[in-house]
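The structure under discussion is supplied below as structure tokens; questions concerning it will follow.
The values are calculated or read from the model by the stated rules, or taken from the named source; none is laboratory data. All of these numbers come straight from a predicted model, not from anything done at the bench. Don't worry about glycine lacking a Cβ; one is built from the backbone with ideal geometry, like all the others, and counts go over all protein chains shown.
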Amino acid sequence: MKNPPFVYHRARSLNEAIELLATYGEDGKILAGGQSLLPTMALRLGPPEHVIDISQVPDLDAIGLEADGGVTIGALVRHAQAERSEDIARLAPLIADAMPHVGHRAIRTRGTVAGSIAHADPAAEMPAVCLATRATMVAVSSAGERSIDAADFFDGYLTSTLRADELLTQVRFPAWSPQSGGAVVEVSRRHGDYALVGLACRIDVDAGTITDAALAFFGVAATPLRVADAEAALVGKPASAEVFASAASIVSETLAPTADIHGSTNYRRHLAGVLTSRGLQSAASRIGVPA
Ligand SMILES: Cc1cc2nc3c(=O)[nH]c(=O)nc-3n(C[C@H](O)[C@H](O)[C@H](O)COP(=O)(O)OP(=O)(O)OC[C@H]3O[C@@H](n4cnc5c(N)ncnc54)[C@H](O)[C@@H]3O)c2cc1C
């Protein structure tokens, strides 16, 4: 389908983009890589009257390294750039793990990491990675800058707490501890498709005991979802296959994923359990913990 008519604005600076957002509010939308915005416009899913292209705005395409080991991803960092980055592989391994699952190479070449987060698709990898790593979103508007914790960002299907006049300038990922192991695992019908069910998981292990855990699922609800009871069942226990299996059982009992033509609720629930064991095993092995 062709796109409906819209007015195109090319912002040349961050200030100009923010002014345009302030002017058009709910009628305006940021265009970054266009890999989600353009298909949704073509499908007439709430098409904006004003499209504000930020692709020429300078200084938004940096992967920043913070003194404490944290990593920042600017609004125009493409998936492919993150995928190729040695700094991301070393300092933010969960992002590196997610990248090959995001669509296909052509989509990753244009699409941005921040755009994927702003789009807030519950079946997308990066929103779940943000939850599992406790990322912070930095939003800027004509009223100033604010930081939003990932736990407070995703609040519904394709919606977030980002206001219509706000631009997501960067996403901050806290330092990845040497005691952290993580993995992104998913089941999709074909490689590059959105996941039927996916999991971004992280465990912190000290002398064989799990000290912290995050199990962030995607493709199971209207938002990415952490399963607190299963996480609690991991903390204080040894990083072992038995403990991972009991967390997997809790996940399967707790989640009630939405059914669609690709899979029933029970099938997806089963997949979520399988992925829990698989993801945790992989996370443990990456920090040399035999499980
Ligand atoms: C065939 C196909 C398969 C795909 N498969 C997957 C997949 O498996 N996993 C996955 O995660 N994604 C997948 N995608 C989606 C895509 O990879 C991402 O959603 C996309 O890259 C988002 O980034 P973008 O820069 O293209 O955002 P855009 O399309 O430009 O924007 C998306 C939305 O975010 C808003 N936005 C973008 N940047 C900002 C910002 N800085 N501040 C505020 N709002 C902003 C826009 O206004 C728009 O509402 C697929 C897409 C296609 C076409």
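Taking the options ALA128, ALA123, ALA151, name whichever one is over 20 Å from HIS50 (Cα atoms), surrounded by 24 or more Cβ atoms within 10 Å (Cβ to Cβ) and of a type in the set (Gly, Ala, Ser).
On the way: ALA123 fails: surrounded by 24 or more Cβ atoms within 10 Å (Cβ to Cβ); ALA151 fails: surrounded by 24 or more Cβ atoms within 10 Å (Cβ to Cβ).
So the residue among ALA128, ALA123, ALA151 that is over 20 Å from HIS50 (Cα atoms), surrounded by 24 or more Cβ atoms within 10 Å (Cβ to Cβ) and of a type in the set (Gly, Ala, Ser) is ALA128.
Could you check segment 95-129 and list, in sequence order, the residues that are within 20 Å of ASP155 (Cβ to Cβ) and assigned to a loop (DSSP other than H, G, I, E, B)?
ALA120, ASP121, PRO122, ALA123, ALA124
Which of (1) touching an Asp or Glu at 6+ places or on another chain (Cβ under 7 Å); (2) closer than 15 Å to LEU76 by Cβ does ASP27 not meet, given it meets every other one?
It fails just one condition, (2).
Let me ask something else. If I go through segment 41-54 residue by residue, how many of them are without any contact (Cβ under 8 Å) to a residue 40 or more places away in the chain and surrounded by 13 or more Cβ atoms within 10 Å (Cβ to Cβ)?
Qualifying residue count for the region: 1.
While we're on this one: Given the conditions (1) near the ligand (Cβ under 8 Å from one of its atoms); (2) of a type in the set (Ser, Thr, Tyr); (3) over 23 Å from the mean Cα position of the chain (by Cα), and given that TYR24 satisfies all but one, which numbered condition is not satisfied?
For TYR24, the exception is condition (1).
A further question follows. Show the residue pairs that are 6+ apart or on different chains and have beta-carbon atoms under 6 Å apart, the first residue being within segment 86-100 and closer than 15 Å to SER116 by Cα, the second being assigned to a helix (DSSP H, G or I) and among the acidic types (Asp, Glu).
ALA98/GLU125; MET99/GLU83
Can I ask one more? Name the single residue, out of those in segment 30-43 being outside any helix (DSSP H, G or I) and near the ligand (Cβ under 6 Å from one of its atoms), that is farthest from LEU76 (Cα to Cα).
We begin by selecting, within segment 30-43, every residue outside any helix (DSSP H, G or I); these are 30-36, 43.
Imposing the further condition that a residue be near the ligand (Cβ under 6 Å from one of its atoms) reduces the set to 30-36.
Details: ILE30: 12, LEU31: 10, ALA32: 7, GLY33: 8, GLY34: 11, GLN35: 13, SER36: 14 Å.
Here the residue is SER36.
Among the residues of segment 188-217, how many are of a type in the set (Asp, Glu) and either in a loop (DSSP other than H, G, I, E, B) or touching a residue at least 60 places away in the same chain (Cβ under 8 Å) (or both)?
Step one: of segment 188-217, the residues of a type in the set (Asp, Glu) are 193, 204, 206, 212.
Still in the running and either in a loop (DSSP other than H, G, I, E, B) or touching a residue at least 60 places away in the same chain (Cβ under 8 Å) (or both): 193.
Residues in segment 188-217 being of a type in the set (Asp, Glu) and either in a loop (DSSP other than H, G, I, E, B) or touching a residue at least 60 places away in the same chain (Cβ under 8 Å) (or both): 1 in total.
Same structure, new question: Looking at this structure, is SER141 surrounded by fewer than 24 Cβ atoms within 10 Å (Cβ to Cβ) and without any contact (Cβ under 8 Å) to a residue 40 or more places away in the chain?
Details: surrounded by fewer than 24 Cβ atoms within 10 Å (Cβ to Cβ): yes; without any contact (Cβ under 8 Å) to a residue 40 or more places away in the chain: no.
In short, no.
Tell me which residues, restricted to segment 51-88, are more than 11 Å from the ligand (Cβ to nearest atom) and farther than 17 Å from VAL171 by Cβ.
Across segment 51-88, the qualifying residues are GLN56, PRO58, ALA67, ARG84, GLU86.
Could I ask something else about it? If you go through segment 109-122 one residue at a time, do you hit one that is closer than 19 Å to ASP61 by Cβ, free of Cβ contacts under 8 Å to residues at least 40 places away in the same chain and either in the same structural domain as CYS201 (by TED's automatic domain parsing) or not polar (S, T, N, Q) (or both)? Spell out how you get there, then give the answer.
At the first step, the residues of segment 109-122 found to be closer than 19 Å to ASP61 by Cβ are 109-119.
This time we only want the ones that are free of Cβ contacts under 8 Å to residues at least 40 places away in the same chain, so: 109.
Narrowing the set further to residues that are either in the same structural domain as CYS201 (by TED's automatic domain parsing) or not polar (S, T, N, Q) (or both) leaves none.
No, because not a single residue in segment 109-122 is closer than 19 Å to ASP61 by Cβ, free of Cβ contacts under 8 Å to residues at least 40 places away in the same chain and either in the same structural domain as CYS201 (by TED's automatic domain parsing) or not polar (S, T, N, Q) (or both).
Which residue, of VAL220, VAL185, is surrounded by 15 or more Cβ atoms within 10 Å (Cβ to Cβ), in contact with a strand residue (DSSP E or B) (Cβ under 9 Å, 6 or more places away or on another chain) and not in a strand (DSSP E or B)? First the steps, then the outcome.
Values: VAL185 fails: not in a strand (DSSP E or B).
Matching residue, one of VAL220, VAL185: VAL220.
Listed here are the residues, each with its yes/no results for (1) in the same structural domain as ARG202 (by TED's automatic domain parsing); (2) within 24 Å of LYS29 (Cα to Cα); (3) out of contact with any Phe, Trp or Tyr (no Cβ under 7 Å at 6 or more places or on another chain).
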| position | (1), (2), (3) |
| --- | --- |
| ARG44 | no, yes, yes |
| PRO48 | no, yes, no |
| ALA67 | no, no, yes |
| HIS79 | no, yes, yes |
| ARG84 | no, no, yes |
| LEU94 | no, no, yes |
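Give the residue, chosen from ALA175, ALA143, ALA120, ALA183, that is among the hydrophobic types (A, V, I, L, M, F, W, C) and near the ligand (Cβ under 10 Å from one of its atoms). Even if it seems obvious, please write down each step before you answer.
Details: ALA175 fails: near the ligand (Cβ under 10 Å from one of its atoms); ALA143 fails: near the ligand (Cβ under 10 Å from one of its atoms); ALA183 fails: near the ligand (Cβ under 10 Å from one of its atoms).
Result: ALA120 is the single residue among ALA175, ALA143, ALA120, ALA183 that is among the hydrophobic types (A, V, I, L, M, F, W, C) and near the ligand (Cβ under 10 Å from one of its atoms).
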